[in-house]
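Novice: Below: one structure in structure tokens.
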Amino acid sequence: MDYQELLHDAMDAARATKGRGRVADYIPALAGVDPGGFGMALATVDGEVHGVGDWEKPFSVQSVSKLFSLALVLAHGGDGIWHRVGREPSGNPFNSLVQLESERGIPRNPFINAGALVVTDRLLTLTGDAAESVREFLRAESGNPDLGTDPVVAASEAEHGHRNAALAHFIASHGNLDNDVDTVLEHYYGHCAIAASCRDLALAGGFLARHGTRADGIRLLSRSEAKRINAVLLTCGSYDAAGEFAFRVGLPGKSGVGGGVLAVLPGRASLCAWGPELDAAGNSVAAVAALDAFTTATGLSVF
Ligand code: GLN
């Protein structure tokens, strides 16, 4: 397969969506991003890496980080986390509070904000530094030692973080946080505000394409754990548009409001596409269009 040509075609499909979404503006640090940017990268399990457009330009990973924090919790602490967070699609926006009350502080899944706060709390207990564990993992898997948290974005998240703080306090009121609420929030913002490129994320997601094995060949997760993460990514990775994402792209994937989407083709490759304009659910219009074009043209999907 000529991946480079396929990525160019996917980029053309993405560029045709220009103007159809809106750049995240819930914090000033993200509102200033150039809406016209686009990049896409593909890393195969055999070590090939391809990219087009701004594929080496760092962007704010935001909720894409939630898949790494979950993987690290499972790697360190086994599956006890599943007593504290569910694995059903929420059908609600990623920052919604509504289900937490009826579900007694047990978030629906690890990929909405409420669930990611619980996962971050667990990672903090297991490693002592949740944000640094995610950064370290991304640096190691991407081979990019310069990858780090953007302090301006992290500070902006904290300053405008009333909703996340409300979620964390509500969860804590049900006894589902072990650490101090402010510390959990600081680490959650710390991993959301990591800046990484499509290249970095495609490489860092490779462990899910390799059924749980890290870039150096060492096992991070069991095959079954990797399968489970991929399953939850498919059903919950793009918030209340996960059905639409599965319909169009047909791959497990995680989106973030920085405009990135990391998708996995188990056994074969990991892909990351980025474009800052978002649809109403908070998913990148260009990245979804590019992944849609790629899987449609190649027939490569989990189905
Ligand atoms: N940091 C963002 C928030 O907490 C992440 C949300 C996202 O990417 N969906 O609101």
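Novice: Going Cα to Cα from K57, which lysines come in below 27 Å? Please leave out same-chain ones fewer than 8 positions away.
Specialist: Straight-line reach from K57, under 27 Å: K18, K66, K254.
Novice: Normalised by the number of residues in the chain, what is the relative contact order in percent for Cα pairs under 8 Å and 6+ residues apart?
Specialist: Dividing the mean separation by the residue count of the chain yields 29 percent.
Novice: Quick check on the chain: helices-only [θ] at 222 nm, where DSSP H runs of length 4 and up contribute -39,500 (n - 2.57) each and the sum goes over total residues. Nearest 500, please.
Specialist: Working: 14 runs with 142 residues, N = 303.
One gets -14000 deg cm²/dmol as the mean residue ellipticity at 222 nm.
Novice: For the pair D34 and D46, how long in nm is the line joining their label points, each one 7 Å along Cα→Cβ?
Specialist: Each label point is offset 7 Å from its Cα along the Cβ direction, giving 3.4 nm.
Novice: Report the trypsin sites (Lys or Arg not before Pro) located in region 232-272 that are in a DSSP loop and have at most 16 other Cβ atoms inside 10 Å of their Cβ, or state none.
Specialist: Passing sites in region 232-272 are R268.
Novice: Next question, about the same structure. Round to the nearest 10 and give me the degree value, 0 to 90, for the angle of helix 181-192's Cα axis relative to the longest principal axis of the chain.
Specialist: Approximately 0 degrees, to the nearest ten.
We did not get these values from a lab; they are worked out from the coordinates using the rules stated. Bear in mind that the values here come from a model prediction, so they are computed numbers and not experimental data. When we count neighbours, we look across all protein chains shown, and the Cβ atoms used for this are built from the backbone with ideal geometry, even at glycine.
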